[in-house]
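The values are calculated or read from the model by the stated rules, or taken from the named source; none is laboratory data. Small disclaimer: the values here were computed from a predicted structure and weren't measured. Backbone-built Cβ (ideal geometry, glycine too); neighbour counts: all protein chains shown. With ligands, DNA and RNA removed, areas are computed over all heavy atoms of the protein, side chains included. Shrake-Rupley method; radii C 1.70, N 1.55, O 1.52, S 1.80 Å.
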Amino acid sequence: MEAVRANLGAFEVKICGWVQYLNLFGVAIGYTIASSISMMAIKRSNCFHASRGKNPCHMNSNPYMIGFGIAEIIFSQIPDFDQLWWLSIVAAVMSFTYSTIGLGLGIAKVAENGKIRGSLTGISVGTVTQTQKIWRSFQALGDMAFAYSYSLILIEIQDTLKAPPSESKTMSKATLLSVGVTTLFYMLCGCMGYAAFGDLSPGNLLTGFGFYNPFWLLDIANAAIVIHLVGAYQVYCQPLFAFIEKSAAKRFPDSEFITKDIKIPIPGFRPYNLNLFRLVWRTIFVMLTTLISMLLPFFNDIVGLLGAIGFWPLTVYFPVEMYISQNKIAKWSTRWLCLQILSIACLIITIAAAAGSIAGVILDLKSYTPFSTAY
């Protein structure tokens, strides 16, 4: 928002704020759903192994979402959570762990089958209807957009870097490297997963139980996902937490409930600063995201919708407009036209992805009973 304010104007700042904070709220819901699915996958894979595949091992997702929510309530009270530099290293290690395991299992499954399943045109019409295939293709665009949603907190990440060299130069190199590595891994996992299962590909490669063995390896991969998302939830929520807390302090500067810190001594450590407003507001926020996750536990549809909502405005429109403003690019010049065509093309993709994801949620709701989703 500060970058948009410096380069564009007050109206754009309001639009940016609404989209960014809505998306951060949505990401918290998406991460709660994803974590609970991975926790259940660990339990189910052990259950399958113990029963040798005879027990279908159905279970309710609610206890796992509640457990994740309790953990996030505790972590949300850690002051300066966004400054814990080691968190990024843990997240990177976890990402490489589960991505590598997913890729390895996909390659092994293709080798076991002795052939590549699926086709270049995707799922066969017959397995799904032509209309369903179109909606799913649109939803997939949203899933891909969500995979690159780090632009939401790119400036926050840049703010934690040490200088010299300048933060922007370091961030440019880090972005180029990370996008390259991420794209390589996603392409390999996506292609090998589809080649392994074809039309029967699960929505989530590590939790859809296309793979049953080695069960311990699946457990490691899903544990890595949970550890990654516990930290990622907090990192993504920090800008939203900070915004609400600063706004409240600005509006009610004389309220001790909002501004006063209570020092709690901890033997061997610095005193912990307990802020009652932070305790209450962050707890309510986590409870709300957990409740919505329990009401709408549709992983692929929700992820696709979140990706669609945040992709065009935050990853394309505002950065393009700020670039034009900073570099004083003349209207109707070749560069200006190319940038506008890029922006419009991404807007069309975003609208298609949102439509596909909403259609998926509507379809899921037809056969859904609140708070009773079993896997």
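Taking trypsin sites (Lys or Arg not before Pro) as exposed when their DSSP state is a loop state and no more than 15 other Cβ atoms lie within 10 Å, the longest site-free interval of the chain runs over 163-259.
Where a Cα-Cα gap under 26 Å defines reach, which lysines qualify for LYS173, not counting those fewer than 8 residues away within the same chain? Output for LYS173: LYS162, LYS328. Between THR131 and TRP332, the distance separating the two model label sites (each 7 Å from Cα on the Cα→Cβ line) works out to 4.5 nm. Using the empirical formula 2.2 N^0.38 Å as the baseline, the Cα radius of gyration of the range 246-292 reaches a ratio of 1.40. Of the DSSP H helices in the chain, those that are both long (alpha-carbon extent of 15 Å or more along the helix axis) and hydrophobic (Kyte-Doolittle mean at least 0.5) are 10-51, 62-75, 86-113, 167-197, 215-251, 276-295, 299-310, 334-366.
Candidate cross-link partners of LYS260 among the lysines, defined by an alpha-carbon separation under 20 Å and a same-chain spacing of 8 or more, comprise LYS246, LYS250.
Extension gain, LEU342 to THR100, is 83.8 nm, computed as 0.36 nm per intervening residue step minus the present C-alpha separation. Once you divide the Cα radius of gyration of the range 132-211 by 2.2 N^0.38 Å, the number left is 1.46. For LEU177, the accessible area of its heavy atoms, probed at 1.4 Å with every protein chain present, is near 120 square angstrom. Taking all protein chains as they are arranged and a probe of 1.4 Å, the heavy atoms of ILE107 leave approximately 90 Å² accessible to solvent. Restricting the range 1-91 to chymotrypsin sites (Phe, Trp or Tyr not before Pro) that sit in a DSSP loop and have at most 10 other Cβ atoms within 10 Å of their own Cβ leaves TRP85.
Under 15 Å from the 7 Å Cα→Cβ point of THR175, by amide nitrogen: which residues of the range 134-148? Only 148 pass the distance filter. The stretch between SER367 and GLN77, if pulled fully straight at 0.36 nm per residue, gains 100.6 nm over its current Cα-Cα span. Computed over protein heavy atoms with a 1.4 Å probe, the carbon and sulfur contribution to the accessible area of the range 299-358 reaches 73%. Under the classification rounded if a/c is under 1.5, otherwise prolate if a/b is larger than b/c and oblate if not, where does the range 268-315 fall, given a ≥ b ≥ c as square roots of the Cα gyration tensor eigenvalues? Here the range 268-315 falls in the prolate category. For LYS109, which aspartates and glutamates qualify as cross-link partners when the Cα separation must be under 20 Å and same-chain residues fewer than eight apart are set aside? Answer for LYS109, where 20 Å is the Cα cut-off: ASP199, ASP219, listed by chain and number. Accessible area per residue for the chain, computed on protein heavy atoms with a 1.4 Å probe, is 55 Å².
How large is Rg/Rh for the range 242-375, to two decimals, with Cα atoms and a Kirkwood Rh? Rounded to two decimals, Rg over Rh is 1.16. Ellipsoid fit via the Cα gyration tensor, the range 50-205: semi-axes of 35, 23, 17 Å, each the root of five times an eigenvalue, largest first. The value of relative contact order for the chain, using C-alpha pairs under 8 Å at least six residues apart, is 35 percent. Computed from the alpha carbon atoms alone, the convex hull of the chain holds 182 Å³ per residue. Extension gain, ALA50-SER325: 0.36 nm per intervening residue step, less the Cα-Cα distance, totals 92.8 nm. Among the chymotrypsin sites (Phe, Trp or Tyr not before Pro) found in the range 267-319, those both in a DSSP coil and sparsely packed, with 15 or fewer other Cβ atoms within 10 Å of their Cβ, are PHE269.
Both numbers refer to the Cα atoms of the range 281-356; Rg and Dmax are 17.5, 51 Å.
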